[in-house]
1. In whole Å, largest first, what are the principal axis extents of the Cα atoms in the range A:106-145?
2. Taking the beta-carbon count within 10 Å as an exposure proxy, list B:SER39, A:SER135, A:SER146 from fewest neighbours to most.
3. Residue-wise, which Karplus ³J(HN,Hα) couplings in Hz belong to the range A:145-161, taking 6.51 cos²θ - 1.76 cosθ + 1.60, θ = phi - 60°, and x for glycine or proline?
Amino acid sequence: MLCHNRRELTVLTLLAGAGVAAALVALSCGGAARQTTEARITLGGQVLDVWRDPAGRLTFRWEGGGRDRTTYDPATRTRVDIVGGAADSITKYASSAVAWGALHMEYGVTPPSVAKALASGHAAVAPPSSRGRSSSARTDYGTDLSSLAAAVTLSFPRLTSLGGYALADASSSTAQLPGGNSGLVVSLDFGLDAQERTLSISTSRPFRRRTRTPGARRTGACISSARTPRATR
Amino acid sequence: MYLQRPHAEGYAVTGGSQAVFPYRGEWAGVTMPTTPTASEWRALIHTIRTAPTA
């Protein structure tokens, strides 16, 4: 009986995996479409507009969200968050699963739900592209510290929990600040509730000497971008 | 807000919930959802500094 149930479970798992794979293929094959498709998804009383352009790129925008929206390119696993019509941040995900996990957290969507909605969508005009270039670029590794370690040259603590909170996200990033480039920053976030329970650790290469200015220190996007006088090291 | 020079115990706290400290030739920063006490900061930073590195 147990063996039989295991077989059923295996079959169900395979079918579920095939469904997600089919949805991913359907989404990526959207690149073959000749026009932009728009669909609406209702989630918990809120309406989410979804577009897929001829290149297969997806755009998500809450109804009433104005010019704030998110674009995601499944081919490159790159996400651009657009605020007020301008690119606010660019994130490249280490895997499609991590990318969709982040999109699900924010928009409540999955590859199957988006594919299903777009399958019954209609032709539309693509939303305008973002203005300008983002000042930050980030790569998200989810909780895969090994991949992060392989991708960066910085040493960072291999912690899977801190202060009682489990590792939730690991990423590397760089940002253009008024005083110069932040250098490479590795961030580890712990806890599931970003408002109440997130701890973060960042390590960074310090600013190059010629770019260090008091202004840069004040406006650093990450606390680890700031530095104390070298004499104290 | 300027960072203060790390004190003798090797870290500086800003705003009560953020700390910065030297970490293996780089700098590390920690942001907490609460305002830890000095002993809590020391324990947390000790955990980070002594964890295996990747």
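1. That works out to 38, 30, 12 Å along the principal axes.
2. Fewest to most other Cβ atoms nearby, the residues stand as B:SER39, A:SER146, A:SER135.
3. Rounded to whole hertz, the list is 5, 5, 5, 4, 4, 6, 9, 10, 9, 7, 7, 8, x, 8, 10, 9, 7.
Each value in this text was obtained by applying a stated rule to the coordinates, not by laboratory testing. Predicted, not measured: the structure shown is a model, and the values here were computed from it. We place every Cβ from the backbone using ideal geometry, glycine too, and count neighbours over all the protein chains shown.
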